[in-house]
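**Q** The structure is given below, and queries will be raised subsequently.
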Amino acid sequence: QVQLVESGGGLVQPGGSLSLSCEASGRTNSRYVMGWFRQAPGKEREFVAAISRSGSTTYYGDFVKGRFTISRDNAKNTVHLQMNSLKPEDTAVYYCAARDGTAVPLNTYQYNYWGQGTQVTVSS
């Protein structure tokens, strides 16, 4: 089992920035494919970003590309999501996810482990 704990969410004005962190614990080898997803009330969970086991390859959802950056520190078993130029439509619960294997999927059902989520609210 792998436990994922997100942190860093909060309230920010439009155009502001937030940095989210996800720390993995338990039976982790620091080589899981990691991803971030988000879900707003009444909406389906959507893909935000993902990063390969080595950190050499990253993917981003269409609506966050150019504004968000995913990174990882395998020595600390931690993944980060730097969010800049935030918009009200970015408001959602953000979830950290991990997957066994080497492929980097973009679908929710392809990930094995999930954190409890952290709330991000963008409002003026």
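Nothing in this text is a laboratory measurement; each read-out follows from the coordinates by a stated rule. From a predicted model like this one, the values you see are computed outputs, not experimental measurements. Every residue, glycine as well, gets a Cβ built from its backbone with ideal geometry; the counts of neighbours run over all protein chains shown.
**Q** Would you please give the residues with an amide H less than 5 Å from that of Val33, counting only those at least 5 places away or on a separate chain, with H modeled from the backbone geometry?
**A** Distant-sequence amide H within range of Val33: Arg99, Gly101.
**Q** According to a simple spin-label model (label point 7 Å from Cα along Cα-to-Cβ), what is the distance in nm between Lys87 and Lys43?
**A** So the label points at Lys43 and Lys87 sit 1.0 nm apart.
**Q** Karplus couplings for segment 87-93 from phi (6.51 cos²θ - 1.76 cosθ + 1.60, θ = phi - 60°), rounded to Hz, Gly and Pro as x?
**A** Karplus-based 3J(HN,Hα) across segment 87-93 equals 10, x, 6, 7, 4, 4, 8 Hz.
**Q** Can you work out the Karplus-derived ³J(HN,Hα) for every residue in segment 107-119? Use 6.51 cos²θ - 1.76 cosθ + 1.60 with θ = phi - 60°, whole Hz, and x for glycine or proline.
**A** 10, 4, 5, 8, 9, 8, 10, 9, x, 7, x, 9, 7
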